[in-house]
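The block underneath contains the structure these notes are about, expressed in structure tokens.
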Amino acid sequence: MFNPLDLSNKKILITGASSGIGRATAIYLSKLGEKIVATGRNEDNLKATLNALDGEGHIYIPFDLLNLNEIELLIKKSVDDGKKLDGLIHSAGVPFVMPLRSLTPDLMKKCYDSDFFCFVELVRQFSKTKYSNEYSSIVGISSVTSVKPVIGEVGYTTAKAALNASVSSMAIELSKRHIRINGILAGNILSEMSEKTLKEYGNKDLKDKEVEQSLIGRWGTVEEVAAACAFLVSSMSSFTTASLLDVGGGVLNRYVPLPKSKTKGGLL
């Protein structure tokens, strides 16, 4: 039976696989036959991810992507078995809520390290012929806030906007090896990270207020983002590169008035 989503005998590296979208994507792709290299900072959580995968031949590699100069070591370990990678899904990232008045250069750099710079370095290393096959596919998880910013997220939204721009720019160079690269604009997705952010920075009504922005009328699931990742790494998207896929429940088409400033200067 013809199955354009059949990923048998393909091997893919997934960052942020210890929880949330990364874990859901690893599980989803394993059901399609893909061999998973799961990476993240929490080894116990990575083991739990590995135990949830279908099939055999999967591995996990504990790694902190903030160690930018050691990312090549992560890629090297991913191909220790002699089989090159066929794909990369970068799901790791850190929500960063910080009012402009408190956003120092050091904090801004930390945000960019975790939400942008590591992505470019991952792609740079992945694209080397000794680590990846031709006709591979790369997916970077971005956010709808990168094109429709919200208050208090200058660092996060601009870092993700930089990721968006890098996708279209890197696609030109990667095309020489027939490697496709795309991004996903994820909306309000229920995950461990979003729940933690709501608890730390939000309030009781924030979750319901953000539902009102969705044309679908609810928050998205990690599995729905995983399905979009599956599409972008499969042959179903073989003519798609340098693109941003909106998985945001329609929030980009919904008008939301800007909040009124409480200060004379208009800053938080």
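The values are calculated or read from the model by the stated rules, or taken from the named source; none is laboratory data. Computed from a prediction, not measured in an experiment: that's the story for all the values here. In this analysis, Cβ positions are derived from the backbone assuming ideal geometry, glycine residues included, and neighbour counts consider all displayed protein chains. Quick note on the areas: whole protein, heavy atoms, side chains included, nothing else; ligands and nucleic acids left out. Shrake-Rupley method; radii C 1.70, N 1.55, O 1.52, S 1.80 Å.
Within segment 7-40, the set of residues being in a loop (DSSP other than H, G, I, E, B), touching a residue at least 60 places away in the same chain (Cβ under 8 Å) and more than 12 Å from C229 (Cβ to Cβ) comprises K10, S19. Applying a threshold of 9 Å to beta carbon distances and a minimum spacing of six or more residues, or different chains, the list of pairs starting in segment 49-75 at a residue that is on the phi > 0 side of the Ramachandran plot and without any contact (Cβ under 8 Å) to a residue 40 or more places away in the chain and ending at one that is surrounded by 16 or more Cβ atoms within 10 Å (Cβ to Cβ) and of a type in the set (S, T, Y) reads G55/S30.
The number of residues in segment 24-40 that are surrounded by fewer than 19 Cβ atoms within 10 Å (Cβ to Cβ) and either among the basic types (K, R) or at pLDDT below 95 (or both) comes to 1.
Residues in segment 41-90 that are open to solvent by less than 50 Å² (accessible area, probe 1.4 Å) and in a strand (DSSP E or B): I61, L85, D86, G87, L88, I89, H90.
When segment 225-250 is filtered for residues that are open to solvent by less than 40 Å² (accessible area, probe 1.4 Å), of a type in the set (S, T, N, Q) and assigned to a helix (DSSP H, G or I), only S237 remains. Give the residue that is modelled with the highest pLDDT, with candidates limited to residues of segment 97-115 that are in contact with a helix residue (DSSP H, G or I) (Cβ under 7 Å, 6 or more places away or on another chain) and not in a helix (DSSP H, G or I). Residue satisfying both the conditions and the ranking: L103. Screening E173 against (1) assigned to a helix (DSSP H, G or I); (2) open to solvent by less than 50 Å² (accessible area, probe 1.4 Å) leaves a single unmet condition, (2). Taking the numbered list (1) under 15 Å from the mean Cα position of the chain (by Cα); (2) closer than 21 Å to G187 by Cα; (3) open to solvent by 40 Å² or more (accessible area, probe 1.4 Å) in turn, K148 passes all entries but (1). Screening V94 with (1) modelled with pLDDT under 95; (2) in a helix (DSSP H, G or I) gives one miss only, at (2). One residue stands out in segment 175-208 among those that are among the basic types (K, R) and modelled with pLDDT under 75: the one that is farthest from G16 (Cα to Cα), namely K204. Per this entry, K47 is counted among residues that are within 23 Å of V222 (Cβ to Cβ) and basic (K, R).
Kindly establish whether K128 is part of a loop (DSSP other than H, G, I, E, B), of a type outside the set (G, A, S) and at pLDDT 95 or above. Even if it seems obvious, please write down each step before you answer.
Working: part of a loop (DSSP other than H, G, I, E, B): yes; of a type outside the set (G, A, S): yes; at pLDDT 95 or above: yes.
Criteria met by K128.
Given the criterion under 19 Å from L13 (Cα atoms) and at pLDDT 95 or above, identify the matching residue among I172, I141.
Details: I172 fails: under 19 Å from L13 (Cα atoms).
Criteria check complete, one pass: I141.
Return yes when S137 is at negative phi and touching a Lys or Arg at 6+ places or on another chain (Cβ under 6 Å) and no when it is not. So that I can check it myself, show each step before the final result.
Working: at negative phi: yes; touching a Lys or Arg at 6+ places or on another chain (Cβ under 6 Å): yes.
Yes; evaluated as a whole, the condition is true for this residue.
Of all residues in segment 7-19, exactly one satisfies the criterion of being small (G, A, S) and open to solvent by less than 10 Å² (accessible area, probe 1.4 Å), namely A17.
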